[in-house]
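Notes follow once the structure below has been shown.
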């Protein structure tokens, strides 16, 4: 008889756990949809200020919003998990469902375990979006915006920027302060679309009036009969490409997945360039799934420890304050790390570990 009782109790626990997981996921996805809509409305308002610049119209703005949505969604998942769990668990508390579950044998830690299981599903969805959808969509969004606002054909890639100007194809690996360039390759085709000239410059300084000064240039002139190589210290290069165009589509951490960030960090270090921004973004991506679990852990004490009479608006306000405070502190710590060139891994993990410690301490005191 004890065996069948244990089996029955196990089935009840599984049903209750599945119910909590389903409800927390539903609440989180609703919160995510609302937050995404709100953020897109703000972005739409900002983009309207550039309406009519070049060929940038309403169609391009909607394309831009659609393609930047995966990145925004990825960043909003932790906050959505917090708001969704506060709303759902709070409603369960107000309707005495949590009391009924505990009477049926589900402990407080069983409830928290079910909430974290929902967090694991959210983390998996977030990881897939952040790694396989958001970087590619973000690059396409920037290309659509820039090509609509400028005449040059632009393509942002993982390791630099490609531009087309007539028969010339230009690759820019690094954009420095003031719009100056470094590690530039220029490929020029003939009338038959064969490579005629390949030129590489270590640096380029914008002189104004569509003129650049190339420095330390290696040049190869290619013909059907021979190839001639030459070197020059300086050369004036006339181009309609302006620094403002290049600044818009510089390689950004938002355009890269975790693997691409790791490869790009290695590339920067090999070329003795600063990589702190990309290292901070790399560790931030690794920590992001942990933040989802932390937000869910934070929500549990507030739901279980707060009286049932607290309204939905009160719980939402608690969630908004917690989420905004964490994001502000996280960004402040990250900027401090960049300014003083502190360890990027430590700066990315420190806020999350601090909140995790506080959340675990609070949960351990729940009876």
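Here is the figure for region 20-60: residues that are surrounded by 14 or more Cβ atoms within 10 Å (Cβ to Cβ), more than 30 Å from residue 95 (Cβ to Cβ) and under 20 Å from the mean Cα position of the chain (by Cα) total 5. Does residue 52 qualify as being out of contact with any helix residue (DSSP H, G or I) (no Cβ under 7 Å at 6 or more places or on another chain), touching a residue at least 40 places away in the same chain (Cβ under 8 Å) and closer than 17 Å to residue 147 by Cβ? So residue 52 does not fit the description; no.
Among residues belonging to region 337-351 that are assigned to a helix (DSSP H, G or I) and free of Cβ contacts under 8 Å to residues at least 12 places away in the same chain, point out the one that is farthest from residue 294 (Cα to Cα). So, considering only residues that are assigned to a helix (DSSP H, G or I) and free of Cβ contacts under 8 Å to residues at least 12 places away in the same chain, the one farthest from residue 294 (Cα to Cα) is 339.
Condition first: assigned to a loop (DSSP other than H, G, I, E, B), on the phi > 0 side of the Ramachandran plot, assigned by TED's automatic domain parsing to the domain that holds residue 328 and without any contact (Cβ under 8 Å) to a residue 40 or more places away in the chain. Can you find one or more residues in region 91-99 that meet it? Taking every residue of region 91-99 in turn, none turns out to be assigned to a loop (DSSP other than H, G, I, E, B), on the phi > 0 side of the Ramachandran plot, assigned by TED's automatic domain parsing to the domain that holds residue 328 and without any contact (Cβ under 8 Å) to a residue 40 or more places away in the chain. Being crowded, with 20+ Cβ neighbours inside 10 Å and at pLDDT below 85 holds for only one residue in 119, 84, 90, and it is 90. The residues in region 268-300 that are surrounded by fewer than 16 Cβ atoms within 10 Å (Cβ to Cβ) and over 18 Å from the mean Cα position of the chain (by Cα) can be counted, and the count is 6.
Just one residue in the set 298, 310 is at pLDDT below 85, in contact with a helix residue (DSSP H, G or I) (Cβ under 9 Å, 6 or more places away or on another chain), under 30 Å from residue 93 (Cβ atoms) and assigned to a loop (DSSP other than H, G, I, E, B); that residue is 310.
Conditions tested, residue by residue: (1) outside any helix (DSSP H, G or I); (2) at positive phi; (3) touching a residue at least 60 places away in the same chain (Cβ under 8 Å).
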{"position": "65", "(1), (2), (3)": "no, no, no"}
{"position": "85", "(1), (2), (3)": "no, no, yes"}
{"position": "106", "(1), (2), (3)": "yes, no, yes"}
{"position": "111", "(1), (2), (3)": "no, no, yes"}
{"position": "116", "(1), (2), (3)": "no, no, yes"}
{"position": "123", "(1), (2), (3)": "no, no, yes"}
{"position": "136", "(1), (2), (3)": "no, no, no"}
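Scanning region 209-259 for residues that are in a helix (DSSP H, G or I) and either in the same structural domain as residue 127 (by TED's automatic domain parsing) or modelled with pLDDT under 85 (or both) yields a total of 9. Residues of region 346-362 being buried (at least 16 other Cβ atoms within 10 Å of the Cβ) and within 20 Å of the chain's Cα centre (by Cα), which ones? If the condition is that a residue be buried (at least 16 other Cβ atoms within 10 Å of the Cβ) and within 20 Å of the chain's Cα centre (by Cα), then 347, 348, 349, 350, 351, 352 are the ones that fit.
The values are calculated or read from the model by the stated rules, or taken from the named source; none is laboratory data. This one's a predicted model, so the numbers in the text were calculated from it and none came from an experiment. Cβ sites come from the backbone with ideal geometry, for glycine too, and all protein chains shown count toward neighbours.
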